[in-house]
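Down below is the structure, laid out as structure tokens.
The values are calculated or read from the model by the stated rules, or taken from the named source; none is laboratory data. Owing to the predicted nature of the structure, the values given are computational and were not obtained by experimental measurement. When we count neighbours, we look across all protein chains shown, and the Cβ atoms used for this are built from the backbone with ideal geometry, even at glycine.
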Amino acid sequence: MNLLKDLKINTKVDTHVHTNYSPDADEDATFSSYITQAKKMGLTELIFTDHVDFDAAHPLFKTPINYDTYIKEFNSLKNASDFPIKLGVEIGYQSHVKEEIKSFLTNYNFEYVILSIHYLEKKDLYTQEYFTGKTKKESYTRYFKTCLEAVQEISNFDTFGHLDYLVRYSPFGDYEYREYKKLIDQILRELIKKNKALEINTSGLRHNERCYPKKEVINRFIELGGKKITLGSDSHHPSELATAFNRF
Ligand SMILES: [Zn+2]
Ligand SMILES: [Zn+2]
């Protein structure tokens, strides 16, 4: 990706990592196993970003992480480790819990916040429930509209996670950027206006898919003047760390 070269993306830092505090992560995905793996791979920093989804539609995610315990474990490890780690979070946006999200982000002093969308209209993308009874156009338009709303409503975040990730679970397959250009451009412009980053999420490259968002959208962000891009593997196991970072 030539356009990316000028932006000097740091491929030695993985900014999107789930530990076993996230219900969908592997049991072996401990803070320390990630640090061991990161050192082996020559990374220089890890940002741990476990899931917080208020009113999650998926039963696994209904029990929230106890952040008092979490932060205690994180801090004792941070103090004992010679490897730089940051306390982050991946917060899932839904319209009806936006006030909860705002106060959560104010109450905890995260060093890094990924704003993402996993559920829409109280329905799960992962189980495809969201897509039931909708056309492709309807489901994709509503998804991008909600992304825009998230970026407009929430200010306390650093990067927007895996924009267009609905494609991964969608029965309708990939989309053409130009069909949703107006909405996507609004999202990108809002990120730029608020001085936020766009995440390149490389998790799709583990499954021979693509990164999220797709190349055209990343290039468009840069074309519109976006300077901040973060690189995240969305690891749920240490073996997934920095997936395909060498391609950037
Ligand atoms: Zn996510
Ligand atoms: Zn994630």
Would you confirm whether any residue within the range 70-77 is within 15 Å of the chain's Cα centre (by Cα) and surrounded by 14 or more Cβ atoms within 10 Å (Cβ to Cβ)? no
Name the pairs: first residue in the range 15-44 and away from ligand 1 (no atom under 16 Å from the Cβ), second residue outside any loop (DSSP other than H, G, I, E, B) and polar (S, T, N, Q), Cβ to Cβ under 8 Å, at least 6 apart or on different chains? Tyr34/Ser235; Gln37/Ser239
Expected single match for away from ligand 2 (no atom under 13 Å from the Cβ), more than 30 Å from Arg220 (Cβ to Cβ) and at pLDDT below 95 among Leu3, Leu60 is Leu60
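If the requirement is being of a type in the set (Asp, Glu), within 16 Å of ligand 2 (Cβ to nearest atom) and touching a residue at least 40 places away in the same chain (Cβ under 8 Å), which of these qualifies: Glu90, Glu111? Full working, then the answer.
Numbers: Glu111 fails: within 16 Å of ligand 2 (Cβ to nearest atom).
Matching residue, one of Glu90, Glu111: Glu90.
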So, in the range 94-128, exactly how many residues are surrounded by 16 or more Cβ atoms within 10 Å (Cβ to Cβ) and in a helix (DSSP H, G or I)? 4
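For the range 220-236, what are the residues that are more than 22 Å from Gln152 (Cβ to Cβ), in contact with a Phe, Trp or Tyr (Cβ under 9 Å, 6 or more places away or on another chain) and not acidic (Asp, Glu)? Step through it out loud before you land on a result.
We begin by selecting, within the range 220-236, every residue more than 22 Å from Gln152 (Cβ to Cβ); these are 231-236.
This time we only want the ones that are in contact with a Phe, Trp or Tyr (Cβ under 9 Å, 6 or more places away or on another chain), so: 231, 233-235.
Residues satisfying the conditions are Leu231, Ser233, Ser235.
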Could you run through the range 213-240 and say how many residues are crowded, with 19+ Cβ neighbours inside 10 Å, in a loop (DSSP other than H, G, I, E, B) and hydrophobic (A, V, I, L, M, F, W, C)? 0
